[in-house]
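K.L.:
Dropping the structure in here first, questions after.
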Amino acid sequence: MADTPTIILGVPRETFAGENRVAMVPAVVQPLAKAGVAVWIERGAGEAAGYRDAEYEQKGARLASRDEIFSNAQIVAHVRVAGANPSGRDDMSRYRAGQIVVGMADPLGEPAGIREFASTRTTLMALELLPRITRAQSMDVLSSMASIAGYKAVLIAADHLPRIMPMMMTAAGTITPARVFIIGAGVAGLQAIASAKRMGAVVHAYDVRPAVKEQIQSLGGKFVELPVETTGAEDKGGYAKELGEDFYRKQRELMAKQVAESDVVITTAAIPGKKSPVLITGDMLKGMPPGSVVVDLAAERGGNVDVTRAGETIEVHGVTVIGPLNIPSAVPYHSSQMYARNVMAFVLNFVAKGEINLSLEDEINRDTMVAKDGEVVGARVREALGMSKPAAAATA
Ligand code: NAD
């Protein structure tokens, strides 16, 4: 081992109801140790994700109690923290001032949770705010989790569908393939296209960002052309911009035929920091074949379908409408593996040779830091809270 680990990265068990993921996996323990970071993990923390205590120990992690972790770690890594975990309030008195806390904190969806968390006087780093730059790709938890969600959405749809997905030529006749329509072709949507194609479906997809047309086609999907003006639909970070209710009304009208011709619709459309646009109404479902399935991956952020009920499966006009919550937690082994690698890359960006240097000259640190020394920092969260001026410590 190159250096003796001097920094302790603590990993407590997740406390959010139904959360099966864990922020660290055994395979990542040794690479961290090589960089001078020792992993302390709460006993049983990886169990729900399929990682046993003994595996962490074999790789050199130290098993510890929750209290030991909070009292000794310089860095605490969670999957969910602050705004993303209301049940985390029980830990508020355990954090120590100056500790660095890393996790998904839902800073723009639940900014009040960041304000509350700031009272711990820790330095909170919200991974959702990572800049979408090449250097940060290995840390990008949103992309990791969206890949898992896109794949799993297709399985959920297939499981509820009264049809099979692929074409099948049998002695009992030929079965035509299912028709799948994916709305939003970002990370989740592209993974859903690839997964539905692999299952043999005929796949159509649409996105307001015209740049994705080629990506859809390269996965074997058909790009649905809508006669709407989408110039300026993409911001400089590669995200969709909010386009206004007139645009969405027109989009709904134009997509109605494609929806009606589909056995499965998977919606993934999102605008960062905003409520998701309503792209399908209950009325539009009337045209779909009986037993069709809609999986609304935006359910957590308001939903792309106006009848979606977050966390529920309902039937509307004979169509099954599913609003799944926390899909990555349903595939906890691999989502934890990806998340842990993202956390490692993020931590090793500010740790070298056993020393922490959380420099704000690095936009990765600057953009993700949302609380420090008891203050909410970072322009985007402060703006979401209606706070006047960004605090001096970390203006994004
Ligand atoms: P996202 O989750 O914010 O949105 C999902 C998709 O919904 C996006 O493709 C968006 O354009 C689309 N959408 C929004 N409104 C829509 C509407 N009205 N109709 C149809 N579609 C709509 O986005 P994401 O998946 O996280 O990523 C978006 C882009 O960022 C992708 O091009 C991705 O490749 C890119 N990206 C870049 C990096 C990087 O450079 N580090 C990392 C991750 C993602």
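Quick note: the coordinates plus some simple rules give every number you see, no bench work behind them. Just so we're clear, the structure is a prediction, and the values are computed from it rather than from any experiment. When we count neighbours, we look across all protein chains shown, and the Cβ atoms used for this are built from the backbone with ideal geometry, even at glycine.
K.L.:
Limited to segment 60-110, what total is found for residues that are among the aliphatic types (A, V, I, L, M), surrounded by 16 or more Cβ atoms within 10 Å (Cβ to Cβ) and under 22 Å from residue 378 (Cβ atoms)?
P.N.:
Summing the residues that are among the aliphatic types (A, V, I, L, M), surrounded by 16 or more Cβ atoms within 10 Å (Cβ to Cβ) and under 22 Å from residue 378 (Cβ atoms) in segment 60-110 gives 13.
K.L.:
If you check every pair at least six apart or on different chains, which have Cβ atoms under 8 Å apart with a residue in segment 136-147 that is at positive phi first and a residue that is near the ligand (Cβ under 9 Å from one of its atoms) and assigned to a helix (DSSP H, G or I) second?
P.N.:
none
K.L.:
Looking at segment 1-59, which of the residues that are among the basic types (Lys, Arg) and over 13 Å from residue 69 (Cβ atoms) is surrounded by the most Cβ atoms within 10 Å (Cβ to Cβ)?
P.N.:
Restricting attention to segment 1-59, the residues satisfying the condition of being among the basic types (Lys, Arg) are 13, 21, 34, 43, 52, 59.
Imposing the further condition that a residue be over 13 Å from residue 69 (Cβ atoms) reduces the set to 21, 34, 52, 59.
Working: 21: 30, 34: 13, 52: 12, 59: 17.
Per the criteria, the residue is 21.
K.L.:
Check residue 246 against each of (1) within 13 Å of the ligand (Cβ to nearest atom); (2) in a helix (DSSP H, G or I); (3) surrounded by 15 or more Cβ atoms within 10 Å (Cβ to Cβ) and name the one condition it does not meet.
P.N.:
It is condition (3) that residue 246 fails.
K.L.:
Would you check which residues across segment 18-40 are touching a residue at least 40 places away in the same chain (Cβ under 8 Å) and of a type in the set (Val, Ile, Thr) and list them?
P.N.:
22, 25, 28, 37
K.L.:
Answer yes or no as to whether residue 338 is surrounded by 15 or more Cβ atoms within 10 Å (Cβ to Cβ) and either within 21 Å of the chain's Cα centre (by Cα) or basic (Lys, Arg) (or both).
P.N.:
yes
K.L.:
Which of the residues belonging to segment 258-293 are more than 9 Å from the ligand (Cβ to nearest atom) and of a type in the set (S, T, N, Q)?
P.N.:
258, 262, 281, 292
K.L.:
List the strands (runs of 3 or more DSSP E) that sit entirely inside segment 144-242 and contain at least 1 residues that are of a type in the set (A, V, I, L, M, F, W, C) and either within 21 Å of residue 304 (Cα to Cα) or near the ligand (Cβ under 10 Å from one of its atoms) (or both). Walk me through how you get there before you give the answer.
P.N.:
Working: elements: 168-170, 173-175, 179-183, 202-206.
Where strands (runs of 3 or more DSSP E) fall fully within segment 144-242 and carry at least 1 residues being of a type in the set (A, V, I, L, M, F, W, C) and either within 21 Å of residue 304 (Cα to Cα) or near the ligand (Cβ under 10 Å from one of its atoms) (or both), they are 179-183, 202-206.
K.L.:
Give the number of residues within segment 257-302 that are in a helix (DSSP H, G or I) and either touching a strand residue (DSSP E or B) at 6+ places or on another chain (Cβ under 8 Å) or surrounded by 17 or more Cβ atoms within 10 Å (Cβ to Cβ) (or both). Explain how you work it out, then say what you get.
P.N.:
Narrowing segment 257-302 to residues in a helix (DSSP H, G or I): 257-260, 282-287, 299-301.
Checking the rest, the ones that are also either touching a strand residue (DSSP E or B) at 6+ places or on another chain (Cβ under 8 Å) or surrounded by 17 or more Cβ atoms within 10 Å (Cβ to Cβ) (or both) come to 258-259, 282, 284-285, 299-301.
Count: 8.
K.L.:
Look at segment 250-294 and say how many of its residues are over 30 Å from residue 126 (Cβ atoms) and either hydrophobic (A, V, I, L, M, F, W, C) or over 27 Å from the mean Cα position of the chain (by Cα) (or both).
P.N.:
24
K.L.:
Sort through 205, 211, 196 and tell me the only one that's in contact with a helix residue (DSSP H, G or I) (Cβ under 6 Å, 6 or more places away or on another chain), within 22 Å of residue 242 (Cα to Cα) and not basic (Lys, Arg).
P.N.:
Exactly one of 205, 211, 196 is in contact with a helix residue (DSSP H, G or I) (Cβ under 6 Å, 6 or more places away or on another chain), within 22 Å of residue 242 (Cα to Cα) and not basic (Lys, Arg), namely 205.
K.L.:
Which of the residues spanning segment 97-134 are in a strand (DSSP E or B) and away from the ligand (no atom under 16 Å from the Cβ)?
P.N.:
Those that are in a strand (DSSP E or B) and away from the ligand (no atom under 16 Å from the Cβ): 100, 101, 102, 103, 123, 124, 125.
K.L.:
Okay, next question. Please specify each residue of segment 26-44 satisfying the condition of being more than 13 Å from residue 7 (Cα to Cα) and either hydroxyl-bearing (Ser, Thr, Tyr) or in contact with a Ser or Thr (Cβ under 8 Å, 6 or more places away or on another chain) (or both).
P.N.:
42, 43
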